[in-house]
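One structure below.
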Amino acid sequence: MSGDGLYIGLMTGTSVDGIDAVLARIGKRDFQLLAHQGSPLPAPLRDDILKLCRSGPDEIDQAGRLHRQLGDAYARATQALLAQSGYRPEQIHAIGCHGQTVRHRPGDLGFSVQLGCPDTLAVHTGIPVVSNFRNKDMVLGGQGAPLVPRFHQRLFGAVAQKVAVVNIGGMANVTLLDDGNLIGGFDTGPGNVLMDLWTQRHKGEPYDRDGAWAAGGTLMPDLLNTLLADPYFRLPPPKSTGREHFNEDWLQRQLPTDANARQVQGTLAELTARTIADALGDFAPQRLLVCGGGANNRHLLARLHTLLDIPVHSTEDFGLHPDWVEAGAFAWLAWARVEGETGNAPAVTGASRAAVLGQLTLP
């Protein structure tokens, strides 16, 4: 099979806030977004997923049930996207479904577990599904993450400068492009995850809209220094992380007992901005492109601009809205699997070689 084709990408990230679905026409040199849709996850399903992100009893039975439930949810999101776009299942080459990560354990005998049953998704939609993108890279000695940099290179490699692309989801990861050459990429640490947790606890809202609550919070220098002392931030790349490390327990262990909630929020925003900026120091980018939910946080973008002293753009300025970049990446990775193109980048993950990623499930 070769040439252009229609592919769907499905993504639920570490924020566990919903399913992003995109439909794109993809070819060797082209990526054209045709339709997109966001579907919230039902609150009970989201709560069950978050429980499984931490070790606990009866995990296998819980994971098996959630695996099927998420497969159903992905199928409904796919059907809604097709209904909106007017395309039929038989016109779609494949669905690239990242799945919901509940464990990511890089290292010797490392593994990564994503829930979302591909058989359920394939049978209920009638479309082939590509899933399990991370583990082959880990068997090859890589981190299995991040996997979006090759897509970032495809989309933004024409910018003739040293460009950093930062995806700020639950975690934050960067892609380093030097005149279109992909020279590195890694997870910098927490993106929105800690800010979202704190906002949900103290404001009863899903996230800090525009970063307005954080912007009014006086920085707590001692707390910031304590958080920045975590060894992860000093690890050299390749490296990746997730909720297994940066979570509510991690934060609670380091908070002073009399902490002011808004000051903590301002400090958490500064932690995200500072760790991204520090991670980019050696690369010294001339331009920063931002995607993911953090692209909507005006306070965070302002802090990045101040810390890096370079232009900070939404990826929308360069062709793709920040909300749809990650789902677009997994549509592209499905295309790469079908076409036999490599999906990982050893310069990013540390794998011993480039490889075709993903397992194909037929309806």
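The values are calculated or read from the model by the stated rules, or taken from the named source; none is laboratory data. These figures come from a predicted structure and were not determined experimentally. Methodologically, a virtual Cβ is constructed for each residue, glycine included, from the backbone with ideal geometry; neighbour enumeration extends over all protein chains shown. What goes into the accessible areas is simple: the full protein's heavy atoms, side chains included, and nothing from ligands, DNA or RNA. Shrake-Rupley method; radii C 1.70, N 1.55, O 1.52, S 1.80 Å.
Worth a mention:
- Mean Cα-pair separation over length for segment 244-363, i.e. relative contact order, pairs under 8 Å, 6 or more apart, %: 17
- Annotation: average projected area of segment 258-362 is 10.1 square nanometres, based on the convex hull of Cα atoms across all directions.
- Taking the chain and dividing mean pair separation by its residue count, relative contact order in percent (alpha carbons under 8 Å, at least six apart): 22
- Helix 298-308 vs. the chain, principal-axis angle (Cα, 0 to 90°, nearest 10): 70
- Out-of-range pairs (alpha-carbon distance over 30 Å; input K162/K203; K162/K239; K51/K136): K162/K203
- Euclidean distance of C-alpha centroids, segment 44-111 and segment 205-254, integer Å: 26
- Segment 149-288 - percent relative contact order, Cα under 8 Å, separation 6 or more: 30
- Projected label distance in nm at D119 and R209, using a 7 Å step from Cα toward the beta-carbon: 4.4
- For the chain, carbon and sulfur atoms together expose 48% of the accessible surface, with a 1.4 angstrom probe and every protein chain in place.
- Whole-angstrom gap from segment 9-34 to segment 158-172, using each part's C-alpha centre: 17
- Most fluctuating residue given options D317, D20, D196, as computed from a GNM of the chain linking Cα atoms under 10 Å: D317
- Percent of Cα pairs exceeding the 13 Å cut-off, where the set is segment 294-350: 71
- Proximal charge balance of L121 [Cβ under 13 Å; K/R count +1, D/E count -1]: 0
- Computed from the C-alpha gyration tensor, the three semi-axes of the ellipsoid equivalent to segment 69-174 are 27, 21, 12 Å, from longest to shortest.
- Helix axis angle, 59-85 relative to the chain longest principal axis, alpha carbon, degrees: 70
- Stokes-Einstein diffusion for the chain at 25 °C, viscosity 0.890 mPa s, with a Kirkwood radius from C-alpha pairs, works out to 120 µm²/s.
- Debye-formula intensities of segment 1-119, expressed as log10 I(q)/I(0) at q = 0.09 Å⁻¹, are -0.29 (one equal scatterer per alpha-carbon, no solvent).
- Each residue, Q254 and T218, gets one label point 7 Å from its Cα in the Cβ direction; the gap between the two is 2.2 nm.
- Options A164, S39, G184, ranked by Cα towards positive dipole end of the chain, top entry (Cβ charges): G184
- Treating r as the C-beta distance of Q286 and R29 and R0 as 30 Å, the FRET efficiency rounds to 0.75.
- Degrees between helix 193-203 axis and first principal axis of the chain (Cα, 0 to 90, nearest 10): 70
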